[in-house]
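Trainee: First the structure, which I've put down as structure tokens, then a few questions once you've had a look.
A short reminder: the numbers here are calculations on the coordinates, not readings from a lab. All of these numbers come straight from a predicted model, not from anything done at the bench. Glycine gets a Cβ as well: all are built from the backbone with ideal geometry, and neighbour counts include every protein chain shown.
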């Protein structure tokens, strides 16, 4: 009997703790255009973060993200997570447009240019 009561109390406590969870602040970085998921239209809801290690992280509004590294020789982006390749898309002259899986991104060239050493 004691086990059932303490288990029920633990469940109620855990449920109450989840209900009051705070929303985390958005990641630091520049807002960029993205279309997350098949058939989605572009909107400025993703955040581009440049890490101190030279990686680029694109944060999605749903909490998902994609990490990229720059190739030293060419400056091209290479996805670091998952098996889906980066596929360049035609875009505007001042922006890089590419897809990874069903997600599409349109990022100003100024944000994609590697920082000077």
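Trainee: Pull up the range 77-109, narrow it to residues that are surrounded by fewer than 15 Cβ atoms within 10 Å (Cβ to Cβ) and free of Cβ contacts under 8 Å to residues at least 12 places away in the same chain, then point me to the one that is nearest to residue 47 (Cα to Cα). I'd like the intermediate steps shown before the answer.
Mentor: In the first step, residues of the range 77-109 are kept if they are surrounded by fewer than 15 Cβ atoms within 10 Å (Cβ to Cβ); the result is 78, 80-85, 87-90, 92-94, 102, 109.
Pick out the ones that are also free of Cβ contacts under 8 Å to residues at least 12 places away in the same chain and you get 78, 83, 88, 90, 93.
On the way: 78: 18, 83: 22, 88: 19, 90: 21, 93: 21 Å.
So the residue we want is 78.
Trainee: In the range 20-70, what count of residues is obtained for those that are at positive phi and surrounded by fewer than 11 Cβ atoms within 10 Å (Cβ to Cβ)?
Mentor: The first filter runs over the range 20-70 and keeps only residues at positive phi, leaving 29, 37, 39, 54, 63.
With surrounded by fewer than 11 Cβ atoms within 10 Å (Cβ to Cβ) added as a condition, the list becomes 39, 63.
Total meeting the criteria: 2.
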